[in-house]
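The values are calculated or read from the model by the stated rules, or taken from the named source; none is laboratory data. Since the structure is predicted, the reported quantities are computational estimates derived from the model, not experimental observations. Neighbour counts run over all protein chains shown; Cβ positions are idealised from the backbone, glycine included.
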Amino acid sequence: MPSDAYFNHILHLSILERTEMEKLDEKKPSDFLQSLVSAHVASDGAMTVEDLIGQSLLILFAAFDTTSTTLQFCFVLLALHPDIQERVYREIIDVCGDVNEGEDTESRAPSHEQLQHLHYMQQVIDETLRLFPPALFLSRLTNKTTSVDLISDHTERFQADSEISDPQEDKHHIEVGSNNAIGGEFLFSKSQVQSAEASKCERSKVPAGRTITIPAGASILIPVAKIHRDPRYYEDPENFDPDRFLPENRARRQPFAFLPFGLGPRQCIGMRMAYLEIKTALVYVLRKVRLEVNEFTEPPAGGKVALRETNVLVVEKPIKLAVKLR
Ligand code: HEM
């Protein structure tokens with residue numbers, strides 16, 4: 001069964017079951033799906049089953065894909081940097097304790113409080129999210145016309161239509177270079193067009209220091225991955241260095257230079273849960289095994305992970321790691 005049909009099917013079944021529970025007013029679960037079903041029943045059909053499925057799928061992908069991707073990059077970076085992995089391991093043992101031989105790892109589940117004290121691990125996760133943010137860019141729809149002063153360093157990356165017609169009539173579209181979010185540039189097109197068409201639009205270079213006007217109704221993509229590797233905010237940006245996230249270094253940096261979970265009222269609602277999940281997984285895995293590179297691993301220890309030049313976060317080639325029991 002294709003994956004979309006599969007998810008559609010299981011969600012349909014769950015929604016039917018939960019709707020029965022809702023009607024019978026049985027002791028119902030207090031989770032996200034039941035809240036949606038309650039809203040669906042109360043809306044008297046205004047909120048459709050398709051709406052519910054859409055919202056449920058959003059949670060599945062927004063929550064699980066992002067978190068597992070971050071965990072995968074964490075594993076790779078720790079294998080490539082054994083000294084950093086050893087520090088993370090030492091911290092786990094200090095804060096959460098070790099598992100004795102023959103002891104069930106479940107009985108040594110880290111507590112919520114212990115997870116809060118894994119400060120170095122938090123730095124490692126943040127540095128992983130800086131280099132490999134699962135959401136390469138954020139999107140916003142402007143509700144008022146705004147002027148932005150171009151910073152000189154960025155000038156060559158901005159390309160814009162030379163004339164902008166009446167902002168109220170014509171919806172504009174700004175986006176990161178349509179086939180490469182990592183090395184992307186902004187595109188500013190005269191009409192509301194899809195990315196493929198946007199790349200064909202006539203462009204002109206915007207001179208340094210010029211102010212551009214972003215009209216109301218414009219769709220904007222903010223290049224998170226690009227900002228995360230901007231040398232103005234991060235010295236030697238390609239280098240994996242968790243100390244960038246020491247409290248004193250973080251305080252010195254411009255706060256908008258780190259946006260893996262977005263910012264503002266639409267910031268990720270699962271951020272805290274994501275950190276808890278990733279930390280818990282790292283405790284379980286690293287307490288048991290050591291992640292290593294071997295002759296099949298590309299890049300070699302200390303090397304840089306090559307990404308494919310697309311708008312989704314994907315490595316150039318699959319990366320193989322060795323796993324050794326501690
Ligand atoms: C490492 C893990 C995660 C990353 C990197 C991540 C990243 C993001 C980003 C960048 C956004 C858009 C924010 C914006 O536009 O300002 C977002 C939105 C969202 N995230 Fe996450 N997320 C993660 C984990 C989770 C988890 C665990 C959940 C749920 C339990 C979740 C649920 C959502 C939802 C529902 C939204 C939409 C919020 C809205 O539009 O109001 N995410 N996430």
If I filter the stretch 100-113 for residues that are touching a residue at least 40 places away in the same chain (Cβ under 8 Å), more than 22 Å from PRO82 (Cα to Cα), under 25 Å from the mean Cα position of the chain (by Cα) and not in a loop (DSSP other than H, G, I, E, B), do I get at least one hit? yes
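For the subset of the stretch 43-65 comprising residues that are assigned to a helix (DSSP H, G or I) and among the acidic types (Asp, Glu), which member is nearest to the ligand (Cβ to nearest atom)? Working first, answer last.
To start, the set of residues in the stretch 43-65 that are assigned to a helix (DSSP H, G or I) comprises 49-65.
If we keep only those that are among the acidic types (Asp, Glu) too, we end up with 50-51, 65.
Numbers: GLU50: 18, ASP51: 14, ASP65: 9 Å.
Once the filter is applied, the top-ranked residue is ASP65.
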Checked the stretch 251-268 for anything near the ligand (Cβ under 6 Å from one of its atoms) and among the aromatic types (Phe, Trp, Tyr); matches are PHE261
Taking the stretch 43-79 on its own, how many of its residues are buried (at least 16 other Cβ atoms within 10 Å of the Cβ) and of a type in the set (Phe, Trp, Tyr)? 2
For the stretch 241-256, name all the residues that are in contact with a helix residue (DSSP H, G or I) (Cβ under 6 Å, 6 or more places away or on another chain) and either among the hydrophobic types (A, V, I, L, M, F, W, C) or part of a loop (DSSP other than H, G, I, E, B) (or both). PHE245
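For (1) at pLDDT below 95; (2) surrounded by fewer than 17 Cβ atoms within 10 Å (Cβ to Cβ); (3) of a type in the set (Val, Ile, Thr), each residue gets a yes or a no:
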position: GLY264; (1), (2), (3): yes, yes, no
position: GLU277; (1), (2), (3): no, no, no
position: GLU292; (1), (2), (3): no, yes, no
position: THR297; (1), (2), (3): yes, no, yes
position: PRO300; (1), (2), (3): yes, yes, no
position: VAL305; (1), (2), (3): yes, no, yes
position: VAL315; (1), (2), (3): yes, yes, yes
position: ALA322; (1), (2), (3): no, yes, no
Within the stretch 264-299, count every residue that is touching a residue at least 60 places away in the same chain (Cβ under 8 Å) and assigned to a loop (DSSP other than H, G, I, E, B). 5
Looking at (1) within 12 Å of the ligand (Cβ to nearest atom); (2) farther than 21 Å from GLN72 by Cα, which is the one condition that is false for ARG272? (2)
Would you tally the residues in the stretch 227-250 being in contact (Cβ under 8 Å) with a residue 60 or more places away in the chain and either near the ligand (Cβ under 7 Å from one of its atoms) or within 30 Å of GLN55 (Cα to Cα) (or both)? 1
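Please tell me if ARG140 is touching a Cys at 6+ places or on another chain (Cβ under 8 Å) and surrounded by fewer than 16 Cβ atoms within 10 Å (Cβ to Cβ). Give the steps one after another, and end with the answer.
Details: touching a Cys at 6+ places or on another chain (Cβ under 8 Å): no; surrounded by fewer than 16 Cβ atoms within 10 Å (Cβ to Cβ): yes.
In short, no.
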Evaluate the stretch 119-126: report whether one residue or more is over 17 Å from the mean Cα position of the chain (by Cα), under 30 Å from GLU295 (Cα atoms) and of a type in the set (A, V, I, L, M, F, W, C). yes
What number of residues within the stretch 1-30 satisfy the criterion of being surrounded by 10 or more Cβ atoms within 10 Å (Cβ to Cβ) and not in a helix (DSSP H, G or I)? 2
Among residues of the stretch 251-262 being touching a residue at least 24 places away in the same chain (Cβ under 8 Å) and surrounded by fewer than 16 Cβ atoms within 10 Å (Cβ to Cβ), the residue farthest from HIS228 (Cα to Cα) is PHE256
Could you go through the stretch 33-42 and let me know if any residue there is crowded, with 17+ Cβ neighbours inside 10 Å and either within 13 Å of the ligand (Cβ to nearest atom) or within 17 Å of GLY270 (Cα to Cα) (or both). yes
